[in-house]
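**Q** The structure is given below, and queries will be raised subsequently.
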Amino acid sequence: MTTDSLFRLSNLAEGATVTIDFEGQAMEVPEGISVAAALLACGARDFRSSVVGDQPRAPYCMMGVCFECLVEIDGVPARQSCLIPVRGGMCIKRQSGAPALDIEDEGEGHE
Ligand code: FES
């Protein structure tokens, strides 16, 4: 059984590219594709770790259903990389476990 990615960008015409950063590594990717497609095409296989068991996870559905593709983009955790178009200068990091909740204390009387 092959462990090489079956994901290819061969059907994309030659065109503009943008540079993104994934875990400190610069990657030049085609403009206009999703973040998940860009990372897969560059060989990324470990997008996040599971909340239970800390197992490596990677995109599965590529259409916003499975949530296996969560990454941190420009400091914002839990972004669905299959739904977000890649943009030059993006800083992308693996999602490690569950993101911290940013819940502000609403004070008494809040319903
Ligand atoms: S790959 Fe399934 S939600 Fe992104």
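**Q** List pairs: first in region 26-42 and over 16 Å from ALA16 (Cα atoms), second open to solvent by 10 Å² or more (accessible area, probe 1.4 Å) and in a loop (DSSP other than H, G, I, E, B), Cβ under 7 Å, 6+ apart or cross-chain?
**A** The qualifying pairs are ALA36/PRO59; ALA36/MET62; ALA36/CYS82; LEU40/SER5; LEU40/PHE7; LEU40/PRO59.
**Q** So is CYS42 away from the ligand (no atom under 14 Å from the Cβ), of a type in the set (A, V, I, L, M, F, W, C), over 14 Å from PRO99 (Cβ atoms) and surrounded by 13 or more Cβ atoms within 10 Å (Cβ to Cβ) or not?
**A** On the way: away from the ligand (no atom under 14 Å from the Cβ): yes; of a type in the set (A, V, I, L, M, F, W, C): yes; over 14 Å from PRO99 (Cβ atoms): yes; surrounded by 13 or more Cβ atoms within 10 Å (Cβ to Cβ): yes.
Yes: the conditions hold for CYS42.
**Q** Could you count how many residues in region 48-61 are surrounded by 18 or more Cβ atoms within 10 Å (Cβ to Cβ) and either touching a helix residue (DSSP H, G or I) at 6+ places or on another chain (Cβ under 7 Å) or without any contact (Cβ under 8 Å) to a residue 40 or more places away in the chain (or both)?
**A** 2
**Q** Would you mind stating whether ALA26 is within 24 Å of GLU14 (Cα to Cα), away from the ligand (no atom under 16 Å from the Cβ), open to solvent by 50 Å² or more (accessible area, probe 1.4 Å) and among the hydrophobic types (A, V, I, L, M, F, W, C)?
**A** It is true that ALA26 is within 24 Å of GLU14 (Cα to Cα), away from the ligand (no atom under 16 Å from the Cβ), open to solvent by 50 Å² or more (accessible area, probe 1.4 Å) and among the hydrophobic types (A, V, I, L, M, F, W, C).
To keep it simple, each residue is scored yes or no on (1) touching a His at 6+ places or on another chain (Cβ under 9 Å); (2) open to solvent by 90 Å² or more (accessible area, probe 1.4 Å); (3) at pLDDT 95 or above; (4) outside any loop (DSSP other than H, G, I, E, B).
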{"position": "SER5", "(1), (2), (3), (4)": "no, no, no, no"}
{"position": "GLY32", "(1), (2), (3), (4)": "no, no, no, no"}
{"position": "VAL65", "(1), (2), (3), (4)": "no, yes, yes, no"}
{"position": "VAL71", "(1), (2), (3), (4)": "no, no, yes, yes"}
{"position": "LEU83", "(1), (2), (3), (4)": "no, yes, yes, no"}
{"position": "ARG87", "(1), (2), (3), (4)": "no, yes, yes, no"}
{"position": "ILE92", "(1), (2), (3), (4)": "no, no, yes, yes"}
{"position": "GLU104", "(1), (2), (3), (4)": "no, yes, no, no"}
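The values are calculated or read from the model by the stated rules, or taken from the named source; none is laboratory data. No experiment lies behind these values; they were computed from the predicted model shown. Heads up, the Cβs are rebuilt from the backbone with ideal geometry, glycines too, and the neighbour counts pull from every protein chain shown. These area figures cover heavy atoms from the full protein model, side chains too; ligands, DNA and RNA do not enter into them. Shrake-Rupley method; radii C 1.70, N 1.55, O 1.52, S 1.80 Å.
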